[in-house]
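Quick notes on the structure that follows.
The values are calculated or read from the model by the stated rules, or taken from the named source; none is laboratory data. A quick note: this is a predicted structure, and the numbers were derived from the prediction, not measured. Quick reminder, even Gly has a Cβ in these numbers, built from the backbone with ideal geometry, and neighbours come from all protein chains shown. Keep in mind that these areas ignore ligands, DNA and RNA; they rest on the heavy atoms of the full protein, side chains included. Shrake-Rupley method; radii C 1.70, N 1.55, O 1.52, S 1.80 Å.
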Amino acid sequence: MRYFSIVLLFMGLGSCFVSCTDDDFPVPAASTVPKFTYTIDNDEFAPATVTFTNTSIVPQAVGEPTYYWNFGNGDSSTEVSPSYTYLEAGAYEVKLVVTTSASLEVREEIITLVVKDPNAVGTPIYFTNGNQLFQGLINDQAPIFTPLADVAPQAAYEIVYNASDEKLYISDLDAGKIYRCNTDGSDFEDFRSGLSDPIGMAIDYDADKLYWTTGSGIQSTDLGSTDVNDREDFVTGQTNDPEGVAIHAPSGKLFWGNYSGGIWSKNLDGSNETLVIPDIETGSMSVIGDRIYYDEYVGSGDIRIKSAALDGTNITTIATGIGRVVYGIGFDASENKMYWGDRDTDALMRANLDGSETELYYQASSDTRGIVIIN
């Protein structure tokens with residue numbers, strides 16, 4: 001009898017746990033997740049037919065789904081996985097909306113799809129968000145950037161273009177590498193590996209050498225060398241984390257900025273290492289004409305683009321109110337404009353070299369750095 005009572009007790013407790021769990025802590029039904037992939041024919045040039053594949057997750061408990069597609073130009077479809085032909089080039093925000101009959105959910109997924117203009121001409125411009133490289137054209141049309149599919153860095157910071165071999169060089173801080181690839185992203189490969197915190201890069205065309213910053217100095221290598229370990233020290237003992245670097249070919253000088261240790265210069269023959277602008281924090285720089293352009297950290301959320309003469313005098317302010325340290329200052333010689341990224345707002349900005357006509361050039365969806373323009 002005692003054994004039978006204990007069994008009844010546990011059965012009662014079990015029933016209580018089940019009912020209490022069901023009544024007091026209901027487990028919510030799985031939610032609907034709208035998802036889709038797509039492919040574009042005609043090498044992504046207009047007119048292009050896009051085939052959408054609906055990969056949405058719709059649990060059985062939520063009821064029957066209804067799909068609504070907005071192709072970003074006013075046209076729509078209610079097919080499960082439609083195909084659509086874009087006759088005009090452009091960047092289109094494609095939206096998939098999923099509604100369910102039982103749970104009455106309304107979920108949506110939006111992506112930006114780019115259809116390229118086969119007749120577009122302009123000045124090529126590139127930037128990176130860290131793990132992708134984007135390509136566009138500077139012209140009188142609204143800017144359109146497309147990712148280069150074959151380029152896959154971990155944490156890219158800066159890009160330079162070598163006109164001699166017509167290749168892009170990309171520094172990757174996390175991987176400790178410098179990659180290179182063709183301007184369409186093909187032949188992506190390791191150029192140098194095993195590096196210490198590579199960020200800024202500059203090319204000495206006369207000597208066919210590439211320079212880059214490290215955690216404590218600057219190293220260089222022959223661009224013609226295929227040895228991924230080939231490198232030599234050019235500047236050592238910099239304890240304040242060099243980041244930006246640029247070359248002024250007419251004077252034979254290399255300039256670099258320390259994150260918290262000023263701007264320095266050194267002759268390319270290895271002589272005359274000099275502190276040019278002391279007591280500033282800087283991340284990126286470029287030499288345009290006979291002036292240094294660089295960003296300066298003034299305070300949290302207050303980064304400024306400035307310029308100075310090569311000897312550090314005649315400092316002027318180009319732009320203010322930038323949220324984060326800048327990595328990459330590009331120059332378009334055809335329009336005599338400079339470009340930089342505001343990484344707080346994912347914006348690509350541009351202005352005249354004196355800071356006038358500052359404007360938003362392109363609103364990205366993620367980080368903007370490593371800007372290079374091929375004139």
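Quick notes on this one:
- Taking every protein chain into account, the accessible area of the chain amounts to 48 square angstrom per residue (probe 1.4 Å).
- Surface share of carbon and sulfur [accessible, 1.4 angstrom probe, percent] for the chain: 49 percent
- Cα gyration tensor, the range 168-277 - rounded (a/c under 1.5), prolate or oblate: prolate
- Mean Cα-pair separation over length for the range 196-235, i.e. relative contact order, pairs under 8 Å, 6 or more apart, %: 30 percent
- Gaussian network model of the chain, springs between alpha carbon atoms under 10 Å - residue of GLN60, GLN238, GLN141 with greatest fluctuation: GLN60
- Ranking VAL276, TYR84, GLY321 by Cα position along the charge dipole of the chain, where only Lys, Arg, Asp and Glu carry charges on their C-beta atoms, puts GLY321 farthest toward the positive end.
- Residues whose amide H lies under 5 Å from that of LEU353, counting only those 5 or more places away or on a different chain, are MET338; hydrogens are built 1.01 Å from N in the peptide plane.
- Taking amide hydrogens as placed 1.01 Å from N in the peptide plane, the amide H of PHE191 sits under 5 Å from those of ILE178, TYR179, ARG180, each at least 5 positions away in sequence or on another chain.
- Dipole moment magnitude, nearest 20 debye, the chain about Cα centre, only Lys, Arg, Asp, Glu C-beta charged: 700 debye
- DSSP-loop chymotrypsin sites (Phe, Trp or Tyr not before Pro) across the range 199-248, with at most 15 other Cβ within 10 angstrom: TYR205
- Close amide H pairs (under 5 Å, H built 1.01 Å from N) link PHE45 with LYS116, residues at least 5 positions away or on another chain.
- Cα shape, the range 204-256, gyration tensor, a/c 1.5 rule: oblate
- Residue-by-residue Karplus 3J(HN,Hα) for the range 226-240, coefficients 6.51, -1.76, 1.60, Hz, glycine and proline x: 9, 7, 5, 9, 6, 6, 9, 6, 10, 10, 10, x, 8, 8, 10
- P(r) histogram, all alpha-carbon pairs of the range 267-366 included - 10 Å bins from 0, percent: 15, 48, 28, 8, 0
- Overall form of the chain per C-alpha gyration tensor (a/c, 1.5; a/b vs b/c): prolate
- For the chain: lysine pairs under 19 Å (alpha-carbon distance), excluding those fewer than 8 apart on one chain: 8
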